[in-house]
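Let me begin by presenting the structure, written as structure tokens, before commenting on it.
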2 protein chains.
Amino acid sequence: MKPSSISRRFFGGLFGAVCALALSSLPVMAQDGAAPDPLASWNDGAAKQAITDFVRDTTTAGKPTFVPPAERIATFDQDGTLWVSHPIYTQVVYCLERVPAVVAQRPELRNVEPFKTVLSGDRAAIARLSTKDLEKILAATLSGMSVEDFNADAAAWIARAKHPRFDRLYTDLVYQPMLELLGYLRANGYKTYIVTGGGQDFVRVYSERVYGIPPEQVVGSAGGTKFGYRPDGTPFLTKEPKLLLNDNNAGKPEGIHLMIGRRPMAAFGNSTGDRQMLEYTTAGPGARLGMLILHDDGPREFAYGPARGLPDTRIGTFPQALYDEAGKRGWVVVSMKNDWKRIFAFER
Amino acid sequence: MKPSSISRRFFGGLFGAVCALALSSLPVMAQDGAAPDPLASWNDGAAKQAITDFVRDTTTAGKPTFVPPAERIATFDQDGTLWVSHPIYTQVVYCLERVPAVVAQRPELRNVEPFKTVLSGDRAAIARLSTKDLEKILAATLSGMSVEDFNADAAAWIARAKHPRFDRLYTDLVYQPMLELLGYLRANGYKTYIVTGGGQDFVRVYSERVYGIPPEQVVGSAGGTKFGYRPDGTPFLTKEPKLLLNDNNAGKPEGIHLMIGRRPMAAFGNSTGDRQMLEYTTAGPGARLGMLILHDDGPREFAYGPARGLPDTRIGTFPQALYDEAGKRGWVVVSMKNDWKRIFAFER
């Protein structure tokens, strides 16, 4: 379904009313001339209320829950939390599409699995590749080049690659309510970080442009680099296939300690890969905020995992236990269908 | 020698003249009412000029060497560059003094070297411990506790531990000209980072208070942590004896890529451990600044390494080749004796 038809179906009747609001992504000015709502794409409800309560509690001087600006850290998972990750992680698409270039440089891989399957172009066979196969592909396609060459290649790819369903750039498929949330937290003195299971170097290529998050505030799965010299003595770094940080599950709080060195005040995720990050965050004293984004909006985005009674998909695990834990620990589950007025900036 | 006698010897004759300036650490107001000099503790000369030229070239809009604020990154070694590291690295003192507490918890170490020697209190024997011995001591004293317990212990120690020669807190032995340089760069939109061979977690305990550098802008040698749960289900991180990043030599640019993800515009160091960081920094395009602090002021601080014709000491290696390279690559060598009006804030 094309986005224009999605928009018509869901927003058609309201077109006149929302037209003025939707014309730009500027904050929406309330009709009575009050300050614009920084969370204009969030419907009123428990989720939006939890966010504004948390910010009020941690930024109001004199409150026992007040947090000094230097300690205001908020961490966001990326895939499925800030942008679309269905049906396949964007970075995996990048790696699959890089296989021909890698094989051109290393012809010995041409008839070796899983590279042979990827080169065959057989989509069904590619979809059946195991996690172990994908790891081999990631290692081969994300190492061996200089840091600058990688950045240039990833930047060129992300500037042209489109999501098959939406026929839009992946970077257009960021969630407008989450962009507003990032901006709202920053306007209240929070330093916003991405803490992703995806590749740190990959996300850093576009994080500033797309999320307003500079490279040094992106924590992700990270390979080592190796310092060396070109024949003329110029030093450079080569990306190595050695994994330094697997920034998933327990690796998220461990990565947060390594890269940030403080416990976040707020954390946002959507799958079991984010569980320990939310646990670590919300176990701290004072006011804390933990949120899980629930993908329950098939027409506008996707319904998968718990929304379809499936604890596991290729893009994460979403067991009932995670939602039971959310209830127990006071995490807020955000329904994309009910809590978000619009999902993408391009919706009209 | 006590600091008061050092002060008298070197500043006695000038006491009246400098009294007004030295009364506080506020910037010095020029006599003609011009703006205060942000680098008041630097003597006029090539080093100070290189700093102000670099800042002018990278922050003046329209210049071909202009650098957008987001890319203004400056990295500083700590030991010997921001504070005194002679005759022994401060963190090594901390680890040596922690040995009795570790042995109390692990009595099996009592008669095992190098712990036995440390417990003996024999200073000459302790001074002869090998680097391998020191590594064993660091691993044993910096792991096995929760991150919070470590932070509390290190914070309590650094609040009381004093340097034997100056009889002052180690945190009073930061170089005033470097504090001014950090502030000057920050006032010009630079994000200042510490990139230390010392322990990242240790430096993070006091970096904000002492240098105005928040924990997340400290890159250092880093051990892993392990996420786990207390019996009541509360999650916590335990420091592990596993080394993730040896942030020395080639490890410095590798650590910068891992933790910052951008090539610095300026880098400051004092020994071969900083060589690759300076090489990597100054190999980038545009205006770059590389600086080496030369410890050539025995009376006010220490003269060691090249100032005494010794390429190696227990606190670093300073071969002639490093200074030859500085000349070749355009790095500026800062003479503490000649370029710094005063070294410590407490000098009068």
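The values are calculated or read from the model by the stated rules, or taken from the named source; none is laboratory data. Nothing here was measured: the structure is a model prediction, and the numbers come from that model. With ideal geometry, Cβ positions are generated from the backbone for all residues, glycine too; neighbour counts draw on all protein chains shown.
All told, B:G189 falls short of being touching a helix residue (DSSP H, G or I) at 6+ places or on another chain (Cβ under 9 Å), surrounded by 20 or more Cβ atoms within 10 Å (Cβ to Cβ) and at pLDDT 95 or above.
Taking segment B:68-119 on its own, how many of its residues are among the basic types (K, R), assigned to a helix (DSSP H, G or I) and surrounded by fewer than 16 Cβ atoms within 10 Å (Cβ to Cβ)?
Number satisfying all stated conditions: 1.
Where residues in segment A:211-246 are hydrophobic (A, V, I, L, M, F, W, C) and under 22 Å from A:G189 (Cβ atoms), which of them is nearest to the other protein chains (Cβ to nearest Cβ)? Looking at residues that are hydrophobic (A, V, I, L, M, F, W, C) and under 22 Å from A:G189 (Cβ atoms), I get A:V218. If the condition is being part of a helix (DSSP H, G or I), within 14 Å of chain A (Cβ to nearest Cβ) and among the small types (G, A, S), then segment B:158-208 contributes only B:S207. Would you call B:M277 in contact with a Lys or Arg (Cβ under 8 Å, 6 or more places away or on another chain) and over 20 Å from A:S221 (Cβ atoms)? Here the answer is yes, as B:M277 does meet what is asked. The combined condition, being surrounded by fewer than 22 Cβ atoms within 10 Å (Cβ to Cβ) and within 14 Å of chain B (Cβ to nearest Cβ), is fulfilled by A:R329. Checking A:G284, A:G255, A:G233, A:G261 one by one, the residue that is surrounded by 18 or more Cβ atoms within 10 Å (Cβ to Cβ) and part of a loop (DSSP other than H, G, I, E, B) is A:G261 and no other.
What do you reckon, is A:R168 touching a Phe, Trp or Tyr at 6+ places or on another chain (Cβ under 9 Å) and surrounded by fewer than 19 Cβ atoms within 10 Å (Cβ to Cβ)? In short, yes.
So is B:D201 assigned by TED's automatic domain parsing to the domain that holds B:E301, more than 17 Å from the chain's Cα centre (by Cα) and either surrounded by 23 or more Cβ atoms within 10 Å (Cβ to Cβ) or not aliphatic (A, V, I, L, M) (or both) or not? No, not satisfied. When each of A:K63, A:K136 is tested for being outside the structural domain of A:K239 (by TED's automatic domain parsing) and at negative phi, the lone residue that passes is A:K136.
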